[in-house]
Structures are given as C-alpha cells and as structure tokens.
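Visitor: Supplied in structure tokens, the structure appears directly below.
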Ligand SMILES: Nc1ncnc2c1ncn2[C@@H]1O[C@H](COP(=O)(O)OP(=O)(O)OP(=O)(O)O)[C@@H](O)[C@H]1O
Ligand SMILES: [Mg+2]
C-alpha cells in the first residue's frame, strides 16, 4: 500500500511542509479518534478537479468503526464529499447534515479543516480536511464519560482547524504515549481537575492518592506524590506548562513503587487557553521489566561464577583420584584431565568478572602458559613469552581457544624439552634457552596465532595431519569444529616445532547471549 507521502506527492501539489504536518496529524490523531468515538479519514484535495483523496485513516479503540474496509487511496468527488469541500473552502468545521448509510451502517459525517500555521504565528492555509465519521448504530444517550470525551474532542478538532494541534514532537519520544483508554484527566484554566476517567483514578490510586481527583489542583498533586512539595517536579511543571498553552514532553512520576507516565496537552480552541488534558498510564510493570533486564546481567555473571566453582570441584576430585591410583599411566591421564578442566574454569572465572559475554583473553593465555611451564620436569626451565594481544574475545571463542592453547603449550613443554636424562647428549653450553612463544595478531577479522618452541622438533615420520594422541585430537576437533578455523603443525625453520592457528572472528551468527555480532 502506498504511504501518505507517496499518495500526496502523486496526486496533489502539497508542499513538503504540508505533508510533514499531515504526518504529524496521523501520528497523534488516535487521541482525537478515541475521544470522538469516530473514524477519522485524512482527505487531500486532488489537483484542480474537485475530488478528494483519502491518504490516511484511523479507527477508534473506544467505539465500533464506521468503515469495515480500508479507505486509504480512495478518490471521491460529487455529493459524497460536499462537506469536505465546504470545510476546505470556508476553513470551518462542518457538522450539519443528516446521517448517511454505509450499507446497513448509519453514520454521521463531520469535516474538520486542517490548517498549517505559518512561521510567524499567523493562521495559514487549509491544506487538507479530516473527515470525522461516527458509526451511529450503537448510539444511545451518552454517559458522563462520553460527554466529557466528546467535549474534549471538539476542543481538539477546533485546534486542528486553528493549526495548534498536534503539538510539536519531542525528540526521542518513540515509545507509545498514554492513550485515552489508559487514563484521561481534564483540567480547567486554573489547573483544577474537572473530569478523571476511571482508569486515571486507578492509576493515581496506585501512586498513593486514594480520594477523588475532581477538584484537585493537579500540578500540586503531582508535586505531593513525587514527595517534592516545594520545588516544581517535572510532572508538576509539565501540567503548568500545558495550562500556559505549551506542549511539554512526557513525564514519569514514581511513588510507592509504582510508576506513571503522564502526557500533558494544552487545550486552547480558537487560541484561548481553557485548560489542559492529561493522559496517564500506569507503567509500573514496564519499568519492572527494565529493571529485571539489568539484574539479568548480574545473574549471568553469577552463573559463570558457579560454573567456575563446579569445574574447580571436578578438577579437585580428579586430582584426589590421581593421587590414589597406583598405575603411573592412569595417574598421568588423570592429571592431564585436571589441567583441561582447570583451563576451562579460567575462562568462566574471567567471564564472571566482566559485564559482557566477552573476555579480555591475554590474561587467560598468560595464566594457562605459566601453568604449563610448571608441568615441565624440574631440570628444564622453559621460558614463556606472548607477542601481540588477543584483545577481547566472545565467550564461545574463548572457551574453545583456551583448551586448544592449553594442549599446544603442554605439548611444547612436554615434548619439545623432555627431561635431560632422555636426551642422548647433554645440551651444548651455547645452546639457546628453552623457550615457547605464543604470538598473535588480528588480520581481516581473523585471529592468527602461533605457538612456537625451540625444542627438539616433531618426531620423524610424524603425521602432522592425523598423528597424535588425545591432545592433538582435542585440538583438531575444536579448531575445525567449534572455532571453524585451521591448524597446521610443522617443524620450525630454525628447529623446534611450530603450531599455526587461524580462527575467524566474524562468525556470521550473532552471539547467542548478547544478541550482538562478534567483534570485527
Ligand atoms: N611441540 C612439540 N614438539 C615435539 N613433539 C611434539 C610437539 N607437539 C606434539 N608433538 C608430538 O606429537 C605427539 C602427539 O601429541 P598429543 O598432544 O596428541 O599427545 P600427547 O601429548 O602424547 O598425549 P596427550 O593426549 O596427553 O596430550 C606427541 O606425543 C609428540 O610426539
Ligand atoms: Mg599433548
């Protein structure tokens, strides 16, 4: 379906400022529709031929619609739009005339000229007409609520004709404003409540005001409720501003654990300030959900903390068992499991300290590296160095990567520099110091990591593609699976062994927990 702007540009000579004004009307006219118990249709005169085009439509939420089918895009001429023609030409609200029938629905037609005020405050030209069409099939003697709504609707209709409604928009007010059905209060020129809808009465009761609103000075009441009887509160000032004919931004009042959103609108038909309209909505539940989201972050941290504790418990149990088994091979296997579990616990520990599902990874690597050197047989002291920075990594990459690096570092220390008695000849005095270097750099959304040692190199006939025990199996599975990267194991150019790892950082998927894309 075409938009208001498309339709207006295609069929009329309205200027951009006119169309903007029509957009403002369509953005705020649910209020008028609800107060009028009527459908509103926005009609613009089609260039030169006496017909009108409907560019927007809104149905009342307080009454049955007069139109079951969509009117937008209809072009109508002749007697059916005679009332629009009068309103447009004479610039006055048209409301005389007999009911008309739409099929078997009786309706009453009214027409409100839409005037766009010029910058200097002079009343400007009529650029469009709002048709206000009431379904009369359920009409009966109106209740007090209905009478109050209709009176207020007439004031707003006059303000559309004057060009003073809708008020200018306040930036950032994108969330839905309170509606008529949420709660409506009408004030006289002195700021005293002349009418409050039952929902408005209930909303104020939740804030701690139990008596009747009628007769109250609303600005003073807002100040009292906000616990601020002397200074003007925002919500108190907003009421005063509306009484002066201004259109203040929406305000919230917090009291007794409840929150109410208020919107104050000036009522000034024919330019005379006669009071204000205050729409209110109890948004306590909305605010409670906002707060719940903030505590959710804290909960996630707490969960990481507990996962870390549980992993440490698992590691401790395995360590106990390792001490009890007699078979050396079994003991070594259990001790390795302890280290694997402990390395994952490190990631969760770091996650439990950040507010993000992302971790500063350098600290983790350094701790895993120093743990690996402690494993080495006592005679050989292996130096560990990190070159470059991993930066911040998303949790899911970090957990897998720390396990991979743990295995590679352990291998470098264990197999690169075996205990001296296994070596055929003692190392020459000028041999370089045993050292393992982890270097890392980020390149085009990829993490390039190498773990290099200057030890004795891979065994002869070692199958770098498939060879290895559990350690390298874990590495390959994690790198190609979880990390969707590549790993290459080879002899270094100047001796020793080199493991080269490339891990993509842009995963194409968003981070499950934060809903954010991975870092670039
Ligand atoms: N940096 C290295 N220097 C020399 N040899 C290495 C190096 N890394 C791996 N290797 C060789 O590859 C083999 C397989 O390594 P892998 O980690 O899969 O098993 P492992 O270390 O023997 O046992 P585990 O399953 O406990 O890790 C090692 O036994 C070793 O011979
Ligand atoms: Mg190993």
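Visitor: Any idea which of (1) closer than 24 Å to residue 469 by Cα; (2) surrounded by fewer than 17 Cβ atoms within 10 Å (Cβ to Cβ); (3) under 32 Å from the mean Cα position of the chain (by Cα) is the one residue 374 doesn't satisfy?
Guide: Of everything listed in (1) closer than 24 Å to residue 469 by Cα; (2) surrounded by fewer than 17 Cβ atoms within 10 Å (Cβ to Cβ); (3) under 32 Å from the mean Cα position of the chain (by Cα), residue 374 misses just condition (3).
Visitor: List every residue pair whose Cβ atoms sit under 6 Å apart, with the two residues 6 or more apart in sequence or on different chains, where the first one lies in segment 425-439 and is surrounded by fewer than 10 Cβ atoms within 10 Å (Cβ to Cβ) and the second, anywhere, is part of a loop (DSSP other than H, G, I, E, B) and at pLDDT 70 or above.
Guide: Taking only residues 6 or more apart or on different chains, not a single pair turns up.
Visitor: Go over the candidates 134, 164, 138, 194 one by one and state the one that is assigned to a strand (DSSP E or B), farther than 30 Å from residue 285 by Cβ and touching a residue at least 12 places away in the same chain (Cβ under 8 Å). Please lay out each step first, then the result.
Guide: Details: 164 fails: assigned to a strand (DSSP E or B); 138 fails: assigned to a strand (DSSP E or B); 194 fails: farther than 30 Å from residue 285 by Cβ.
From the options 134, 164, 138, 194, the qualifying one is 134.
Visitor: Given the residues 72, 114, 81, which is the only one that is part of a strand (DSSP E or B) and within 23 Å of residue 23 (Cα to Cα)? First the steps, then the outcome.
Guide: Values: 72 fails: part of a strand (DSSP E or B); 81 fails: part of a strand (DSSP E or B).
Testing whether each residue is part of a strand (DSSP E or B) and within 23 Å of residue 23 (Cα to Cα) leaves just 114.
Visitor: What's the number of the condition residue 149 fails, among (1) surrounded by fewer than 18 Cβ atoms within 10 Å (Cβ to Cβ); (2) touching a strand residue (DSSP E or B) at 6+ places or on another chain (Cβ under 9 Å); (3) under 24 Å from residue 179 (Cα atoms)?
Guide: It is condition (1) that residue 149 fails.
Visitor: Within segment 212-229, can one find any residue that is under 28 Å from residue 150 (Cβ atoms), surrounded by fewer than 15 Cβ atoms within 10 Å (Cβ to Cβ) and touching a helix residue (DSSP H, G or I) at 6+ places or on another chain (Cβ under 9 Å)? Spell out the reasoning first.
Guide: Here is the first cut: in segment 212-229, the ones under 28 Å from residue 150 (Cβ atoms) are 212-219, 221-222.
Imposing the further condition that a residue be surrounded by fewer than 15 Cβ atoms within 10 Å (Cβ to Cβ) reduces the set to 212, 214-215.
Pick out the ones that are also touching a helix residue (DSSP H, G or I) at 6+ places or on another chain (Cβ under 9 Å) and you get 212.
Within segment 212-229, one or more residues are under 28 Å from residue 150 (Cβ atoms), surrounded by fewer than 15 Cβ atoms within 10 Å (Cβ to Cβ) and touching a helix residue (DSSP H, G or I) at 6+ places or on another chain (Cβ under 9 Å).
Visitor: Ok, one more. Among the residues of segment 255-263, is any out of contact with any helix residue (DSSP H, G or I) (no Cβ under 6 Å at 6 or more places or on another chain), under 29 Å from residue 58 (Cβ atoms), assigned to a helix (DSSP H, G or I) and at pLDDT 90 or above? Steps first, answer last, please.
Guide: Restricting attention to segment 255-263, the residues satisfying the condition of being out of contact with any helix residue (DSSP H, G or I) (no Cβ under 6 Å at 6 or more places or on another chain) are 256-257, 261, 263.
This time we only want the ones that are under 29 Å from residue 58 (Cβ atoms), so: 261, 263.
So of that shortlist, the ones also assigned to a helix (DSSP H, G or I) come out as none.
No - not one qualifying residue is present in segment 255-263.
Visitor: Could you tell me whether segment 347-365 includes any residue that is buried (at least 20 other Cβ atoms within 10 Å of the Cβ) and within 15 Å of ligand 1 (Cβ to nearest atom)?
Guide: The answer is no, given that none of the residues of segment 347-365 is buried (at least 20 other Cβ atoms within 10 Å of the Cβ) and within 15 Å of ligand 1 (Cβ to nearest atom).
Visitor: In segment 440-459, which residues are over 22 Å from residue 380 (Cβ atoms) and either within 11 Å of ligand 1 (Cβ to nearest atom) or in contact (Cβ under 8 Å) with a residue 40 or more places away in the chain (or both)? Before you say what the answer is, go through the steps one by one.
Guide: Residues of segment 440-459 that are over 22 Å from residue 380 (Cβ atoms), as a first pass: 440-449.
Within segment 440-459, 440, 441, 442, 445, 446, 447, 448, 449 meet the criteria.
Visitor: Oh, and also: Checking residue 141 against (1) within 23 Å of residue 106 (Cα to Cα); (2) within 38 Å of the chain's Cα centre (by Cα), which single condition isn't satisfied?
Guide: Against the list (1) within 23 Å of residue 106 (Cα to Cα); (2) within 38 Å of the chain's Cα centre (by Cα), residue 141 comes up short only on (2).
Visitor: Going by the conditions given, is residue 32 in a helix (DSSP H, G or I), under 26 Å from residue 176 (Cα atoms) and at pLDDT 95 or above?
Guide: Yes: the conditions hold for residue 32.
Visitor: Can I ask one more? If you take the residues of segment 385-408 that are within 16 Å of ligand 1 (Cβ to nearest atom) and in contact with a strand residue (DSSP E or B) (Cβ under 6 Å, 6 or more places away or on another chain), which of them is nearest to residue 341 (Cα to Cα)? Walk me through it before giving the result.
Guide: Pass one, segment 385-408, residues within 16 Å of ligand 1 (Cβ to nearest atom): 385, 402-408.
Okay, now just the ones that are also in contact with a strand residue (DSSP E or B) (Cβ under 6 Å, 6 or more places away or on another chain), so 385, 408.
On the way: 385: 23, 408: 15 Å.
The qualifying residue nearest to residue 341 (Cα to Cα) is 408.
Visitor: Give the number of residues within segment 455-477 that are within 14 Å of ligand 2 (Cβ to nearest atom) and out of contact with any strand residue (DSSP E or B) (no Cβ under 9 Å at 6 or more places or on another chain).
Guide: Number satisfying all stated conditions: 7.
Visitor: Next question. Filter segment 100-124 down to the residues that are exposed (fewer than 13 other Cβ atoms within 10 Å of the Cβ) and more than 27 Å from residue 167 (Cβ to Cβ) and list them by number.
Guide: Of everything in segment 100-124, those that are exposed (fewer than 13 other Cβ atoms within 10 Å of the Cβ) and more than 27 Å from residue 167 (Cβ to Cβ) turn out to be 101, 103, 104.
The values are calculated or read from the model by the stated rules, or taken from the named source; none is laboratory data. Everything numeric in this text was worked out from a predicted model, so none of it was measured. Counting neighbours? That spans all protein chains shown, and the Cβs are built from the backbone with ideal geometry, glycine included.
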